[in-house]
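These notes are about the structure you will find just below.
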Amino acid sequence: MSSHDEPESQHGAEDENLPEHRKDGALTPADDPFADPGLPAHEYRRQDIDERAAKRSERTVALLFTVSILATIGFIAAYVAIPIDRIVYIWPVGHVSGLNLALGLTLGLALFCIGAGAVHWARTLMGDEELVDERHPIEATPEVRAEVFAEFRKGAAESQFGRRKLVRNTMLGAVAVVPLAGVVLLRDLGPLPHDKLRHTKWKKGSLIINESTLQPLRPEDITVGSLTQAMPEGMSPHDEDFHVEIAKAAVMLVRLQPDDIKDRKSADWGHEGILCYSKICTHIGCPATLYEQQTHHALCPCHQSTFDLSDGARVLFGPAGHPLPQLRITVNDDGYLEALGDFDEPTGPSFWERG
């Protein structure tokens, strides 16, 4: 029998949905294969019906939060006590930094216990009854608002946040203590400067050494209109900390006609028209040693800050925030120029705790 001779009954149901068999263009509805079965009956947890089990869960959550607190304290203790160069052997990893290992383990344990405690609290003590919330317009009606607040109060009650004081207090303690780990890490932003930025190698009696010849300077070595770069005695370019110290102690000496000095304090701190200023620009620390002989101006080549050396090195132009600090000088019994002390203010760029 050919396919054309098959009984019509085998295709009757399918043919009803063909275009030529439709009535008014409608399809024949079929049984709904995706019928909503509804929610299964709510199953109560052991903690919902047995207070002893709830107490055990409460103690477990409190223990996790307490371990988090202890781990955070361990993090801080390890950061303070373990030397940064301590190396330990851990099988099978090998040799690792003891400090990094301790910090990673303690901080990881602190964060894990907070998360585990919160999850265990939610799964065993907080309410878990399934609720159906039908879709509603975006703008809530007063009835819906009242329902939301009622649900919030119900959820707060079901969380037992007020009732389970042990869980609440240990959780608050863990969350309050764990940020201390991040605060302690701020210590690694760099060594604290303390008062290092306020002091240089200059002290009373320090000879002024020519930076080029490394010889002490006499007043006659500095002529009117000249600029000489200098540093304190006792420093050598071969010193390990030379570049750190010269960045604060480098000076320049200029000699002006005494009548050309406008600032009386500046004249008193000099010697026979010889003035000694820090050569470190107070903007970002470039050497401000481009000297204009006729105007007595010192120019910084980086951002064109200009200082009037005849008037206390005050700023005439540019982004520098304050004048170049001046060093008080005199001549010793041997005829050499020397300092009468350190600068009375920090040299170089401004910084946040500058007085």
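The values are calculated or read from the model by the stated rules, or taken from the named source; none is laboratory data. These numbers were taken from a predicted model, which means no experiment stands behind them. When we count neighbours, we look across all protein chains shown, and the Cβ atoms used for this are built from the backbone with ideal geometry, even at glycine. Calculation scope for accessible area: heavy atoms of the full protein, side chains included, ligands and nucleic acids excluded. Shrake-Rupley method; radii C 1.70, N 1.55, O 1.52, S 1.80 Å.
Solvent-accessible surface of the chain, taken per residue with a 1.4 Å probe and all protein chains present: 64 Å². Across the accessible surface of the chain, with the other protein chains kept in place and a 1.4 Å probe, carbon and sulfur atoms take up 57 percent.
Taking L189, L105, L253 and ordering them by how much accessible surface each has at a 1.4 Å probe, largest first, produces L189, L105, L253. In the set (1) 1.23; (2) 2.00; (3) 1.00, which value of Cα Rg over 2.2 N^0.38 Å was calculated from the structure you see? Answer label, from the structure shown: (2). Rounded to the nearest 20 debye, the dipole magnitude of the stretch 208-261 is 140 debye, with +1 charges on Lys and Arg beta carbons, -1 on Asp and Glu beta carbons, and the Cα centre as origin. Placing unit charges on the Cβ atoms of the charged side chains and taking the dipole of the chain about its Cα centre, the candidate lying farthest along the positive direction among Q326, S57, Q304 is Q326.
If you add up the charges near S206, with Lys and Arg at +1 and Asp and Glu at -1, over every other residue whose beta carbon is less than 12 angstrom from its beta carbon, what do you get? With Lys, Arg at +1 and Asp, Glu at -1, the neighbours total +1. Among the cysteines of the chain, those whose beta-carbon sits 4.7 Å or more from every other cysteine beta-carbon are C113, C276.
Pairs of Lys residues in the chain are counted when their Cα atoms are under 17 angstrom apart and they lie 8 or more places apart or on different chains; the count is 7.
Taking Cα atoms, how many degrees apart are the long axis of helix 142-159 and the longest axis of the chain, rounded to 10 and kept between 0 and 90? The angle comes out near 80 degrees. If the segment from T223 to V144 were pulled out straight at 0.36 nm per residue, it would be longer than the present Cα-Cα gap by 19.4 nm. For the stretch 111-250, what class follows from the C-alpha gyration tensor (a ≥ b ≥ c being the square roots of its eigenvalues): rounded when a/c is under 1.5, otherwise prolate if a/b is larger than b/c, else oblate? The shape class here is prolate. Annotation: the stretch 131-193 has a Kirkwood hydrodynamic radius of 16.0 angstrom, from the mean reciprocal C-alpha pair distance.
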